[in-house]
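*Asks:* The structure's right below; bear with me while I get my questions together.
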Amino acid sequence: MTAETDKRPLKEGVREEAVRLAAQADGWLAQLQAKAEQYPWLQRLARWAIIALAAVLFAVMVSVPLDLQGQLIFGTGMFVTALLFNKLQGRFITLAMIVLSIAASSRYMYWRVTETIGFEHLLDAFFGFGLLMAELYAFLVLLIGYFQTAWPLQRRPVPMPQDLDSWPHVDIFIPTYNEPLEVVKQVVFSADTMDWPREKLHVYLLDDGRRDEFREFCEEAQIGYITRDNNAHAKAGNINAALKQTNSEYVAIFDCDHIPTRSFLQICMGWFFRDPKLALIQTPHTFFSPDPFEKNLNTFHMTPNEGELFYGIVQDGNDLWNAAFFCGSCAIIKREPLEEIGGIAVETVTEDAHTALKLSRLGYNTAYLQLPQAAGLATESLSGHVGQRIRWARGMAQIARVDNPLLGKGLSFGQRLCYFNAMLHFFYGVARIVFLTAPLAYLYFGAHVFQATAAMVMAYAMPHLAHANLTNSRVQGQFRYSFWNEVYESVLAWYITRPVLMAFINPKLGKFNVTAKGGVVEKEYFDWMIARPYLVLLLLNLLGFVFGIWRMIVAPSTEVFLTVLMNMLWTGYNVILTSACMAVASESRQRRKTPRVTATLPATLQFIDGKTLRCETADFSQSGIGLRVPAGLSIESDTKVFVTLYRGDEESAFPATVRYCGNGRVGLQFADMPVGLQTELARLTFARADAWLDNWGTHQLDRPLTSLGSVIVIGLKGFKQVSLYTLRDLFSRGGRKTAQSKT
């Protein structure tokens, strides 16, 4: 008998014992489950016991005191765990990373409040408590942000009924005030081509500018024209006036530069049949022209823009909690609930979000479809962009005062938090300015904003910051790149701080301002007026860096040296951010009034002599189209041609003139066309069902270190630009003075 034979009975005995114990455990579990089903209170008790145990363990993990070495080991272990989790897929892994991030941040904030605020000097206390308040604000936004975005609903369209007779009548409202007719036309043409029973589709242009050319255009296009004799309550008043003159069951609203697809109503309307309590469905706002960040930093279609986080993640997260916001455009509202709340809200300048809040208070449902079904024009200049954000910030502060979601009836806990975070977000200006100047308190005045050693600050702060960046990168990575949020907020911080605080103190202050669209930037220039606050912050941080070098040289001890080094690293990062702000203020040239949309569509070029050429489109705009043709083709400028575009078995030809030919490209300018042919052109281009899908949610996933590198490069670019513009302006002024003296 061998040794292996001797061991075999032992192995079999162990296996049998394991099977017996497993069966016994299963029996116990079955008994517990039966007891729980028999006594529901036992289930609730067990659930609350688990929650209480988890809360105790979490409190211990957050509050247990550790020395420097222990904190370094603990923080490193947690972050390594998060890095390993980040390599795995799945929503529950994301939730686990959120829990780790909350734990690291909570531990840091507990330490900050209990161990670092024993200030002995008034100067230390002034700067120290200011920084602590900013950090508490950021911590609260982080927590509620996780709550909003941890589990996006990802709602999908519901098919419409087969019976067309059951489809409702829909009014399409296109409010306008002072926008050019050429901007508005394309929205009208596309809205009028929607795939919906013609007798049930009613398009109205709401002209608060009371312009004859708009009325004449509506008559020619055979759509409704509504105006009024005043401009009370701006856009909200314009829509409410139109509600009194129309009667369809549903109202679809589009800003006059947001071009809808033909499929918009069919994609969105099915949910109203599924959910009788649904009052509002919102779709994303996408843009086919670059905003000032994308234009001036040359990041269009390469880096997610400022608004993509909201429409890509936040709104989808809100939808889980039945708290999707109305955003003023690209949405459908059921008329009966809208009239029940008195129409579009007029108490604040963000009438859209306030309207959704009122609908939610009455128990109606809201929905969000993360499918781009319309696209518009972004603001052309940084000053216009800032003005738009000021209005949004002021309006949210007004809602916080006059209809605070944390108070009053009708909202669930999730709805209250989602609405509250939307309002809380726009108070970031104060916190961002504090973060951009906090290290200067020590470098300039020697004020200790932390009553702790530099090593302990780093040991507690780094896990908090690292986890927050890593987790947000995972949650938001397709719609917001790491560190870019700091750039966006730094640019706007100075300008929204005062309006937000004033509106919160007195909600009646401020007025509605219309965001200009459809303009041009004739030449490159540096907007010194808008950049003035960034320039001051940049100079303050650069001077602080110089002070830091001097403090390092005369540092009496290693501890002082490390404290100076920590503040200098923070100041260096602030220099990068403020320099990036300067880069955004360097306005690039924009000559096109009608931006082009990249698209590959089959086309045919037809010449006057009867010859034809099969080709494809490269891009199109309201006024022209670009074609890809064989490289050797040569066509003289001003040649008259027809370009035929296709959709399935349908085709239409449009008259055009050649403006450019070379390198395998032909640029055409459309000839003047009657309204019917312009509508047909919109149907085959801007109104295509897939027109706005190609550039939505297609960015590569965020890589935090790569994103940090891109922000650093932009900061260096901004520093170079402001230096060159400063020298150029100085020389130009010197030249003018010399010429004047000679005269």
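The values are calculated or read from the model by the stated rules, or taken from the named source; none is laboratory data. Predicted, not measured: the structure shown is a model, and the values here were computed from it. Glycine gets a Cβ as well: all are built from the backbone with ideal geometry, and neighbour counts include every protein chain shown. For accessibility, only protein heavy atoms count, side chains too; no ligands or nucleic acids. Shrake-Rupley method; radii C 1.70, N 1.55, O 1.52, S 1.80 Å.
*Asks:* Pick out the one residue from 139, 129 that is out of contact with any helix residue (DSSP H, G or I) (no Cβ under 8 Å at 6 or more places or on another chain), without any contact (Cβ under 8 Å) to a residue 40 or more places away in the chain and part of a helix (DSSP H, G or I).
*Replies:* None of the other options fit; the residue is 129.
*Asks:* Take the residues in the stretch 110-126 that are closer than 27 Å to residue 422 by Cα and touching a residue at least 40 places away in the same chain (Cβ under 8 Å); name whichever of them is surrounded by the most Cβ atoms within 10 Å (Cβ to Cβ).
*Replies:* Once the filter is applied, the top-ranked residue is 112.
*Asks:* Looking for something among the β-branched types (Val, Ile, Thr) and closer than 25 Å to residue 148 by Cβ - is there at least one such residue anywhere in the stretch 354-368?
*Replies:* Yes - at least one qualifying residue is present in the stretch 354-368.
For (1) of a type in the set (Lys, Arg); (2) part of a strand (DSSP E or B); (3) closer than 26 Å to residue 181 by Cα, each residue gets a yes or a no:
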residue	(1), (2), (3)
634	no, no, no
642	no, yes, yes
646	no, yes, no
653	no, yes, yes
658	no, yes, yes
661	no, yes, no
680	no, no, yes
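Okay, residues lined up against (1) at pLDDT below 90; (2) more than 28 Å from residue 376 (Cβ to Cβ); (3) buried (at least 20 other Cβ atoms within 10 Å of the Cβ):
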| residue | (1), (2), (3) |
| --- | --- |
| 509 | yes, yes, no |
| 514 | yes, no, no |
| 526 | yes, no, no |
| 536 | no, yes, no |
| 539 | no, yes, no |
| 550 | no, yes, no |
| 561 | no, yes, no |
| 567 | no, yes, yes |
| 574 | no, yes, yes |
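*Asks:* Ok, one more. State all residues of the stretch 151-169 that are in contact with a Ser or Thr (Cβ under 8 Å, 6 or more places away or on another chain) and open to solvent by less than 20 Å² (accessible area, probe 1.4 Å); if no residue qualifies, say none.
*Replies:* 168
*Asks:* Among the residues of the stretch 170-185 satisfying the criterion of being open to solvent by less than 10 Å² (accessible area, probe 1.4 Å) and of a type in the set (Val, Ile, Thr), which is farthest from the chain's Cα centre (by Cα)?
*Replies:* 170
*Asks:* Could you tell me how many of the residues in the stretch 598-632 are assigned to a strand (DSSP E or B), open to solvent by less than 10 Å² (accessible area, probe 1.4 Å) and either of a type in the set (Gly, Ala, Ser) or modelled with pLDDT under 90 (or both)?
*Replies:* So the answer is 4.
*Asks:* Which of the residues belonging to the stretch 356-386 are aliphatic (A, V, I, L, M), open to solvent by 10 Å² or more (accessible area, probe 1.4 Å) and either more than 30 Å from residue 690 (Cα to Cα) or assigned to a helix (DSSP H, G or I) (or both)?
*Replies:* 362
*Asks:* For the stretch 473-491, give me each residue that is under 14 Å from the mean Cα position of the chain (by Cα) and part of a helix (DSSP H, G or I).
*Replies:* Those that are under 14 Å from the mean Cα position of the chain (by Cα) and part of a helix (DSSP H, G or I): 475, 476, 484, 485, 486, 487, 488, 489.
*Asks:* Quick one: residue 338 ticks every box in (1) modelled with pLDDT under 95; (2) surrounded by 21 or more Cβ atoms within 10 Å (Cβ to Cβ); (3) not small (Gly, Ala, Ser) bar one, so which box is it?
*Replies:* (1)
*Asks:* Of all residues in the stretch 74-90, count the ones that are more than 15 Å from residue 472 (Cα to Cα), of a type in the set (A, V, I, L, M, F, W, C) and either open to solvent by 60 Å² or more (accessible area, probe 1.4 Å) or touching a strand residue (DSSP E or B) at 6+ places or on another chain (Cβ under 9 Å) (or both).
*Replies:* Counting residues in the stretch 74-90 that are more than 15 Å from residue 472 (Cα to Cα), of a type in the set (A, V, I, L, M, F, W, C) and either open to solvent by 60 Å² or more (accessible area, probe 1.4 Å) or touching a strand residue (DSSP E or B) at 6+ places or on another chain (Cβ under 9 Å) (or both) gives 4.
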